[in-house]
Amino acid sequence: MPVVVNLVGSPNARSRSRALAVAVVDELLAAGALAGVDRQMVDLAEIAGVTFTEEPAVGCAPVDDPVGRVCAAQLLIVATPTYKGAYSGLLKTFLDQLHRDAPLSGVVAAGIITAHSAQHHQATAHALTALLHELGATVATPHLLVLDQDDLAAAAAQWATLHGPALSHALRTELCPA
């Protein structure tokens, strides 16, 4: 059974990035691009206990071996908000923990970017793709960009319809190389 991991890099628990990552997997399943998968969540805000107040940060949903879970995925959905034209520092800090010799080799990755402005999309998409390639992942589809005013469900459905077949093909190729 293929393992699909949603890796959410937003510092806000229960963020739009998380909701969008879940919606994308739901839509890929509905479109037939995925079948019989083990769905897993690694929400970094819940693990790290990020806070923007004077209150101490405490993780509320610890995950056993989040790094191992990410590296064991066949499909990795990486969801991040855009901050100052880049993916989140929380996501970067987490991914910096991965072993440097292609820890995501054999993993198909898809990026999901939430942003206030489309102007930030290009830089964030380029940087996220470069980071995932550096870690050895296969990025087979364009990243999904969703702006604040966009409908999450509609964006997820449209992206899954357009890119689900390529994602499915990449998964089959990685799971059963010729």
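The values are calculated or read from the model by the stated rules, or taken from the named source; none is laboratory data. Keep in mind that this is a model prediction, so the values were computed, not measured. All Cβ positions, glycine included, derive from the backbone under ideal geometry; neighbour counts span all protein chains shown.
Where residues in the range 121-133 are farther than 19 Å from A45 by Cα and in contact with a strand residue (DSSP E or B) (Cβ under 8 Å, 6 or more places away or on another chain), which of them is surrounded by the most Cβ atoms within 10 Å (Cβ to Cβ)? Talk me through it step by step, then tell me what you get.
As a first pass, look at the range 121-133 and keep what is farther than 19 Å from A45 by Cα: 121-127, 129-133.
Those still in the list that are in contact with a strand residue (DSSP E or B) (Cβ under 8 Å, 6 or more places away or on another chain) too: 121, 123-125, 127, 129, 132-133.
Numbers: H121: 17, A123: 14, T124: 24, A125: 20, A127: 17, T129: 16, L132: 22, H133: 14.
Only one residue fits best here, namely T124.
Tally up the residues in the range 44-69 that are in contact with a Gly (Cβ under 9 Å, 6 or more places away or on another chain) and either assigned to a strand (DSSP E or B) or modelled with pLDDT of 75 or more (or both), please.
Residues meeting the conditions: 5.
Of everything in the range 90-120 that's within 21 Å of A156 (Cα to Cα) and surrounded by fewer than 19 Cβ atoms within 10 Å (Cβ to Cβ), which residue is modelled with the highest pLDDT?
Here the answer is H116.
Cβ contacts < 9 Å: first residue more than 17 Å from T82 (Cβ to Cβ), restricted to the range 147-161; second residue exposed (fewer than 14 other Cβ atoms within 10 Å of the Cβ) and not polar (S, T, N, Q), any location; separation 6+ or different chain. Result?
none
Does the range 128-150 include one or more residues that are modelled with pLDDT of 90 or more, in a helix (DSSP H, G or I) and in contact with a Ser or Thr (Cβ under 9 Å, 6 or more places away or on another chain)?
Within the range 128-150 (the criterion being modelled with pLDDT of 90 or more, in a helix (DSSP H, G or I) and in contact with a Ser or Thr (Cβ under 9 Å, 6 or more places away or on another chain)), the answer is yes, since at least one residue qualifies.
Does A35 qualify as being under 22 Å from H169 (Cβ atoms) and at pLDDT 90 or above?
no
Which condition breaks for G136 when tested against (1) touching a strand residue (DSSP E or B) at 6+ places or on another chain (Cβ under 7 Å); (2) more than 22 Å from T161 (Cα to Cα)?
With (1) touching a strand residue (DSSP E or B) at 6+ places or on another chain (Cβ under 7 Å); (2) more than 22 Å from T161 (Cα to Cα) applied to G136, the lone miss is (1).
Charged (D, E, K, R) and without any contact (Cβ under 8 Å) to a residue 60 or more places away in the chain - does that describe any residue in the range 66-80?
No, the range 66-80 has no match at all.
Look at the range 75-89 and say how many of its residues are modelled with pLDDT of 95 or more and over 11 Å from I113 (Cα atoms).
Final tally of qualifying residues: 2.
When residues of the range 70-94 are filtered for being under 21 Å from V146 (Cβ atoms) and part of a helix (DSSP H, G or I), how many remain?
4
Restricting to the range 95-126, what's the tally of residues that are at negative phi and outside any helix (DSSP H, G or I)?
The total comes to 20.
Identify, from the list G106, G111, the residue that is in contact with a strand residue (DSSP E or B) (Cβ under 7 Å, 6 or more places away or on another chain) and among the small types (G, A, S). Write out each step before concluding.
Working: G106 fails: in contact with a strand residue (DSSP E or B) (Cβ under 7 Å, 6 or more places away or on another chain).
Going through G106, G111 in turn, the sole match is G111.
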